[in-house]
Structure formats: structure tokens, C-alpha cells
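The values are calculated or read from the model by the stated rules, or taken from the named source; none is laboratory data. This structure is a prediction, so every number in the text was calculated from the model and none was measured. Using ideal geometry, Cβ is built from the backbone for each residue, glycine included, and neighbour counts are taken over all protein chains shown.
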Amino acid sequence: MALDDLYREVILDHYSHPRNKGTLEPADIKVEGTNPLCGDELSIFVRLERGKIAEARFIGRGCSISQASASMMTEQITGKTLGEARGLVKRFKAMMHGQVIGEDDLGDLIALQGVRKFPVRVKCATLSWVALEQGVEEFEIAHTRVEAKATTEAD
Ligand code: ZN
């Protein structure tokens, strides 16, 4: 089987049998992303436990690349700290923009490399990741404010 065919199989498998599809209530992080160019829509939900991502889920609709990428992302970030998840977002985006990165631990995400040949579809692949990055940032800003307030009140 040619590598491109193998990649296509992996993407279609995640699209047909999405991992972690659904919502989480309550969620510590809830964020939406849209890609108007293609009509992709995603909502990402993350629940934290002791500083790590205990559960990640998504719902959405759109092309196979956007939905498969979200499915892969929820698998890959589960068990990671927010810092580690952010690092993975950076590496994934770098890979999608053609940079050479360490790929040993990327799992199924490697299959999305094939999308680089179609620049208009790169946004489909990165949609869930950009949304996650935004959600993590919003969570950390809100969390920092709460801590700062608590410190002030203690004084
Ligand atoms: Zn798309």
C-alpha cells in the first residue's frame, strides 16, 4: 500500500468512527472554531483533573479532514497537561506548515501530513488545534485572574 493510501485510510477511519465524539458538561474548556472557507464547524470540550486533561471531546460537522483531525487531537491530548497540549499544538501546526519536527510520538497525526500538498485544506486540519489553543489561553487567563484576586483578598 502506498503511503498516501495508508494516510487516507487512517483519516477516513477517524472520520467514519470518530473517537471521543460528544459533549462534556461541565467542561473546564469549551471552545468553538469555524472554517468558513470549507464550512467546517467544531466545538471542543476539555475536562481537567489534577492539572491534566482527563477527558476531551468534540462535536462538529464538515469535511473528513477537519473531523478526523479533531478526533485524533482528542486522543492525543488526553492525559497531557495544558502546557504539554500547547506544545503539541505548536508542533502539529509546524508540521502542517512543512517544518521538520520529531514525529515519533505523533501517532495517527502523521497521516495528516499528506494534507500539506493541498494548501487550502491545511486550515481544515488545523481548525481543532487553533480552537484548542484559544480555549487553553482563555482558561489560563481566567485562572490567573482568579488566583490574583484570591491573593489580593487574602491581604
Ligand atoms: Zn474542511
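Candidates in the range 117-139 are the residues that are under 15 Å from ALA70 (Cα atoms) and touching a Cys at 6+ places or on another chain (Cβ under 9 Å); of these, the one that is nearest to the ligand (Cβ to nearest atom) is CYS124.
Only residues that are surrounded by fewer than 18 Cβ atoms within 10 Å (Cβ to Cβ) and in contact (Cβ under 8 Å) with a residue 12 or more places away in the chain were counted across the range 98-114, and they come to 4.
Counting the residues of the range 32-47 that are in a loop (DSSP other than H, G, I, E, B) and in contact with a Cys (Cβ under 6 Å, 6 or more places away or on another chain) gives 1.
Checked against (1) surrounded by fewer than 19 Cβ atoms within 10 Å (Cβ to Cβ); (2) near the ligand (Cβ under 10 Å from one of its atoms); (3) assigned to a helix (DSSP H, G or I), LEU12 passes all but condition (2).
The single condition among (1) touching a residue at least 12 places away in the same chain (Cβ under 8 Å); (2) within 14 Å of ILE11 (Cβ to Cβ) that LYS117 does not meet is (1).
Screening VAL31 with (1) in contact (Cβ under 8 Å) with a residue 24 or more places away in the chain; (2) closer than 18 Å to SER64 by Cα gives one miss only, at (2).
Say we look at the range 48-67 and pick out the residues that are assigned to a helix (DSSP H, G or I) and closer than 15 Å to VAL130 by Cα; which of these is farthest from the ligand (Cβ to nearest atom)? Give the derivation first.
Pass one, the range 48-67, residues assigned to a helix (DSSP H, G or I): 64-67.
Subsequent filtering for residues that are closer than 15 Å to VAL130 by Cα retains 65-67.
Details: ILE65: 5, SER66: 4, GLN67: 8 Å.
Here the answer is GLN67.
Taking the range 93-114, which residues are farther than 18 Å from LEU12 by Cβ, at pLDDT below 90 and out of contact with any Phe, Trp or Tyr (no Cβ under 9 Å at 6 or more places or on another chain)? I'd like the intermediate steps shown before the answer.
If we filter the range 93-114 for residues that are farther than 18 Å from LEU12 by Cβ, which is where we start, we get 93-106.
Next, from what is left, pick out any that are at pLDDT below 90: 98-106.
Within the range 93-114, GLY98, GLN99, VAL100, GLY102, GLU103, ASP104, ASP105 meet the criteria.
Given the condition surrounded by 14 or more Cβ atoms within 10 Å (Cβ to Cβ), hydrophobic (A, V, I, L, M, F, W, C), modelled with pLDDT of 95 or more and more than 16 Å from the ligand (Cβ to nearest atom), answer yes or no: does some residue in the range 69-79 qualify? Checked the range 69-79: at least one residue is surrounded by 14 or more Cβ atoms within 10 Å (Cβ to Cβ), hydrophobic (A, V, I, L, M, F, W, C), modelled with pLDDT of 95 or more and more than 16 Å from the ligand (Cβ to nearest atom).
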